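We did not get these values from a lab; they are worked out from the coordinates using the rules stated. Not measured: the values here are computed from a predicted model. Because the Cβ atoms are built from the backbone with ideal geometry, glycine has one as well, and the counts that use them run over all protein chains shown.
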Amino acid sequence: MDRTTASWRNTTHDWAATVDTGHLALIRSDPACFAPGGLSHLALEVIAYAADEAEAREGGGRCTVTFHEDGSVSVADDGRGTDTRLDAEGRPVKKPVMATKDLRFFDHPGAQLLPDGQPRRGMSVVAALSEWLLHTNRRAGGAWTQRYEHGVPATGLNPIAGDGTTGTVVHFRPGPVELRSPDEGTVTGLARLVTAWPYLSVDFADRRSG
C-alpha cells in the first residue's frame, strides 16, 4: 500500500485500494440483480457520473451516448475528468472508480435511484459486467487511457496527448450476451429517462447497421 494514497481522504472511493476482486466477483455472479434492465441500466450508471459533473458546473454539461456495431456503448462527457493525483514517487494515480465500490451507493440502503427506478450502485457494476472497458480521462493536468477486462485493470495508465479539453469517455462492451444487444426501444427509452437530469444535455448516436 502506498503511504501517500492511504492518507488521501476518501469521498466516493477508497484511494488505498486498487482492485477489489471480491466486489467485482460478487457483481459478476448475478448480472440480473446488478444490471436490471440490461444495457440500458449499465448506460445509466455511466451517465449518472456525467450528470454529477454537470450538476456541479455552472451552466450544466453535455454528454454523447454512442451505440456501436459490435454491441459496445460509449459515453463521452465534458466534465473535469476523473480525479487523478500524484503519489509519493510522482506517479499518476486515478481514483479507482472502475475496480472498487462507490462508497456512497453500493449496498447503501438509502442509495440514490437512477431514472429507471433502480438503485445506483456505481461504475464498478459496468466494469465488472463488461468483457472490456476503456476509460479515457482528460484533465487539466494530463490525459490517460486505461483498459479493464471484467473490471480488472489490463493496463496501467497510458498517457495520451492532450487536446485542450477535459472530460471522460467510458467505452464498454457488456460480457453477458443478454446485456449486449439492445432492442429497438433502448435508444428511445434512454432518451426519455435521461430527461430526469435537466442540467445534463444528452445526445445519442446509433452506429449499428440496420
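Over the chain, the fraction of Cα-Cα pairs per 10 Å bin, rounded to whole percents and listed from the shortest bin up, is 9, 35, 40, 15, 2, 0.
In region 1-94, Cα pairs under 8 Å separated by at least six residues give a relative contact order of 20 percent.
Ordering 7, 124 from the fewest to the most neighbouring beta carbons within 10 Å gives 7, 124.
Centre-to-centre, using Cα atoms only, region 9-86 and region 89-108 are separated by 11 Å. Charge tally around residue 150: other residues with Cβ under 10 Å, Lys/Arg +1 each, Asp/Glu -1 each, net -1.
In the chain, the DSSP-assigned H stretches of four residues or longer account for a calculated mean residue ellipticity at 222 nm of -6500 deg cm²/dmol, using -39500 (n - 2.57) per stretch and the full residue count as denominator.
Around the amide H of residue 62, modelled in the peptide plane, lie the amide H atoms of 78, 201, all under 5 Å away and 5 or more residues distant in sequence or on another chain.
Please arrange 70, 20 by counting, for each residue, the other beta carbons lying within 10 Å of its beta carbon, fewest first.
70, 20
Taking 7 Å steps out from each Cα toward its Cβ at residue 112 and residue 195 produces label points 2.1 nm apart.
Take peptides 102-108, 159-165 and line them up by average Cβ neighbours within 10 Å, highest first, as a rough protection proxy.
Highest mean packing first, the order is 102-108, 159-165.
Each residue of region 101-109 was assigned a 3J(HN,Hα) from its phi angle through the Karplus expression (A = 6.51, B = -1.76, C = 1.60, θ = phi - 60°), giving 6, 7, 5, 7, 10, 5, 6, 9, x Hz with x at Gly and Pro.
State the three equivalent ellipsoid semi-axes of region 34-83, derived from the C-alpha gyration tensor as the square roots of 5 times its eigenvalues, in descending order and whole Å.
Details: eigenvalues 97, 32, 14 Å².
With the √(5λ) rule applied to region 34-83, the semi-axes are 22, 13, 8 Å.
Look at where the Cα atoms of region 117-135 and of region 190-210 average out, and the two centres are 18 Å apart.
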